[in-house]
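Presented below is the structure to which this report refers.
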Amino acid sequence: MTGGTGARPMFEKVLIANRGEIALRIHRACRELGIATVAVHSTADADAMHVRLANESVCIGPPQARDSYLNVAAILSAATITGADAIHPGYGFLSENADFAAMVEEHGLAFIGPTPEHIRMMGDKVVAKQTARKLGIPCVPGSDGPVQDLDAAVAAAEQIGYPVLIKAAAGGGGRGMKVAASRAVLEEAFRTARGEAEAAFGDGRVYMEKYLGHPRHIEIQVIGDSHGNVVHLGERDCSLQRKHQKLVEESPSPALNAEQRMEIGTTVCDALRKLGYRNAGTVEFLYEDGKFYFIEMNTRLQVEHPVTEMITGIDLVREQIRIAAGAPLSFSQDDVRFAGHAIECRVTAETPTDFRPSPGRVAEYHPPGGLGVRVDSALYAGYSVPPYYDSMVAKLIVHGATRNEALMRLRRSLDEFVIGGIETTLPLHRRILGSGDFVDGAYDIHWLERFVGLKR
Ligand code: MV4
């Protein structure tokens with residue numbers, strides 16, 4: 001590290017422990033800060049865009065993620081050999097692996113993310129919820145900690161009131177959840193949830209909550225530095241999802257007003273300041289009948305971060321890098337202005353009606369452009385989408401002065417977007433934009449599954 005931009009010490013070289021559009025996104029932020037990049041890649045990604053653009057690249061293993069992008073020893077070796085100062089993990093892969101974050105630091109490198117302790121704390125959903133509650137964040141009514149046996153489950157359900165939801169402590173992202181509508185089905189739900197949690201995570205601990213029937217999924221973006229500053233950057237409404245895969249995200253949420261936004265944002269910031277949280281994070285809530293209920297915290301940069309960047313003008317990845325180098329946040333809460341409306345569509349290489357994978361060669365690639373249009377993608381004409389990884393191939397993000405302007409711009413951009421040679425979900429996105437409910441902002445977390453199921 002030496003003097004970089006400004007008076008603060010800055011990294012000279014960052015290793016990007018990821019692939020696809022997010023590797024490119026991180027590379028771009030590094031370049032603007034004058035930082036050199038190291039790409040790591042599997043043998044299947046030798047021709048990937050992030051590898052072409054990076055200053056250096058290292059092959060870290062065969063196609064399967066467990067042998068490459070999850071190969072801690074290979075990634076740490078690549079960082080050591082190339083003399084990197086820091087590692088950015090992106091999202092997915094090792095981004096929320098507390099042991100990896102700790103090993104990065106033990107090797108004398110900076111982990112561009114939160115502390116291993118905070119990653120570990122939020123990875124355990126029971127500890128995360130207890131922490132949130134202690135810090136004054138509103139939570140879903142439920143069991144106080146894990147539920148040990150059937151008797152305890154029955155007692156908790158009586159207390160909470162049916163329907164109840166049984167969740168895995170080691171779960172998250174929707175894995176290992178079971179609803180019980182009454183005492184008659186509680187025993188079966190409890191045993192199944194515990195068995196599935198044990199099989200999936202090697203940790204059979206479960207906890208219980210009141211089941212909310214028609215919530216929206218609204219999350220608060222926060223960022224903190226290592227000097228005790230924590231600010232929020234508003235919310236994202238991520239209710240449009242199918243099988244826990246988000247398809248569309250927007251900010252601001254059509255369901256919130258400025259007062260509600262500031263209230264939940266302030267509550268979250270006060271809590272995370274007490275915790276000493278640093279770097280980017282997202283606090284996830286269910287929002288139903290005018291009330292927020294904490295569900296989880298993500299200790300990483302998220303796929304949908306551009307939505308927040310578009311309405312605040314803040315480069316979240318640049319801030320993450322500066323913070324990891326020890327710099328204070330470059331703005332205060334009062335400096336944050338929420339301007340206009342942003343919407344993101346996640347485009348995947350899947351068939352648009354039944355979501356079968358559609359990897360292969362991209363024969364044509366013509367992304368849309370113009371005012372208020374951003375495309376985050378590592379695609380290029382002639383590129384082959386490998387079958388081994390997540391199917392997301394592009395994020396189309398639009399910004400407008402109003403929600404209506406953003407909708408018009410999104411419709412126009414979706415019509416321009418050409419990805420030839422493979423099937424993508426672009427036609428589904430065009431259909432969603434044609435729906436009256438979506439245009440009205442009248443949707444909850446169940447809306448899309450119904451919409452996809454209808455009118456095939
Ligand atoms: C819930 C819920 C209803 N009531 N908790 C799914 C993912 C995990 N992060 C939490 N999840 C849910 N928790 C209570 N008490 C419904 C869901 C849920 C969901 C949440 C957010 C986004 C999409 C979802 C789809 C199905 C269920």
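The values are calculated or read from the model by the stated rules, or taken from the named source; none is laboratory data. Quick caveat: nothing in here was measured; it's all calculated off a predicted structure. Heads up, the Cβs are rebuilt from the backbone with ideal geometry, glycines too, and the neighbour counts pull from every protein chain shown. Quick note on the areas: whole protein, heavy atoms, side chains included, nothing else; ligands and nucleic acids left out. Shrake-Rupley method; radii C 1.70, N 1.55, O 1.52, S 1.80 Å.
How do Glu219, Glu288 rank by accessible surface area computed with a 1.4 Å probe, from largest to smallest? Present the calculation step by step, with values, prior to reporting the outcome.
Values: Glu219 0, Glu288 25 Å².
Putting Glu219, Glu288 in descending order of accessible area: Glu288, Glu219.
What net charge is computed for the residues neighbouring Phe417, neighbours being all others with C-beta under 15 Å from the C-beta of Phe417, Lys and Arg scored +1, Asp and Glu -1? Before the final figure, lay out each step's value.
On the way: positive: Arg346, Arg374, Lys395, Arg409, Arg411, Arg412, Arg430, Arg431; negative: Glu21, Glu344, Glu364, Asp376, Asp415, Glu416, Glu423.
Taking every Cβ under 15 Å from that of Phe417, the sum is +1.
Could you state the accessible area per residue of the range 1-153 in Å², with a 1.4 Å probe and every protein chain left in place? All intermediate terms of the calculation are to be shown ahead of the outcome.
Details: 6190 Å² over 153 residues.
Solvent-accessible surface per residue comes out at 40 Å².
Quote the relative contact order of the chain in percent (integer), defining contacts as alpha-carbon pairs under 8 Å separated by 6+ residues.
On the way: 984 pairs, mean separation 62.1, N = 456.
Worked out over the chain, it gives 14 percent.
Students often check this: by mean Cβ neighbours within 10 Å, which of 275-282, 104-111 ranks highest, and how do the rest follow? Working shown, then result.
Working: 275-282: 22.9, 104-111: 17.2.
With the highest mean Cβ count within 10 Å placed first, the list reads 275-282, 104-111.
Please work out the C-alpha center-to-center distance from the range 394-456 to the range 294-309 and express it in whole Å.
Going from one Cα centre to the other spans 21 Å.
Along the range 263-272, what does the Karplus equation 6.51 cos²θ - 1.76 cosθ + 1.60 (θ = phi - 60°) give for ³J(HN,Hα), rounded to whole Hz, x for Gly and Pro?
5, 5, x, 5, 4, 5, 4, 4, 5, 6
Could you name the lysines whose alpha carbon sits less than 27 Å from that of Lys246, not counting residues in the same chain fewer than 8 places away?
Lys125, Lys129, Lys167, Lys178, Lys210, Lys291, Lys395, Lys455
What is the projected area of the convex hull of the Cα atoms of the range 216-455, averaged over all directions, in nm²?
Values: hull surface 52.6 nm².
For the range 216-455, averaging the hull's shadow over all directions gives 13.1 nm².
Below 8 Å between Cα atoms, with a sequence gap of 6+, how large is the relative contact order for the range 141-210 in percent?
Numbers: 126 pairs, mean separation 30.8, N = 70.
Computed over the range 141-210, the figure is 44 percent.
Let me check something: with ligands and nucleic acids excluded, how do Phe451, Phe93 order by accessible area (1.4 Å probe), largest to smallest?
Working: Phe451 35, Phe93 70 Å².
My answer, sorted largest first, is Phe93, Phe451.
Solvent-accessible area of Cys345, probe 1.4 Å, all protein chains present, reported in Å² to the nearest ten, please.
Number for this one is 0 Å².
If you take every residue apart from Asp124 with its C-beta less than 10 Å away from the C-beta of Asp124, what net charge results, scoring Lys and Arg +1 and Asp and Glu -1? Provide the component values of the computation, followed by the final result.
Numbers: positive: Arg120, Lys125, Lys129, Arg205; negative: Asp203.
For residues surrounding Asp124, the net value is +3.
Report in % the part of the accessible area of the range 216-455 that belongs to carbon and sulfur, leaving out ligands and nucleic acids; probe 1.4 Å. Don't skip to the end; give the middle numbers.
Details: 4350 of 8770 Å².
Looking at the range 216-455 in its full context, I get 50 percent from C and S.
Any idea what diffusion coefficient the chain gets from Stokes-Einstein, in µm²/s, Kirkwood Rh on alpha carbon pairs, 37 °C, 0.692 mPa s? Don't jump to the answer; show the numbers that get you there.
Working: Rh = 22.9 Å.
Once the numbers are plugged in, D ends up at 143 µm²/s.
Any idea which of Ser358, Leu316, Val373 is furthest toward the positive side of the dipole for the range 308-456, if Lys and Arg beta-carbons carry +1 and Asp and Glu beta-carbons -1?
Toward the positive end, the furthest listed residue is Ser358.
Taking +1 at the Cβ of each Lys and Arg and -1 at the Cβ of each Asp and Glu, which of Gly326, Ser95, Leu53 sits farthest along the dipole of the chain towards its positive end, judged by Cα position relative to the Cα centre?
Value computed over the given set: Leu53.
Apply the Karplus curve 6.51 cos²θ - 1.76 cosθ + 1.60, θ = phi - 60°, to the phi angles in the range 317-329 and return the couplings in whole Hz, x for Gly and Pro.
Result, ordered by residue: 6, 4, 5, 4, 5, 4, 4, 5, 7, x, 6, x, 3 Hz.
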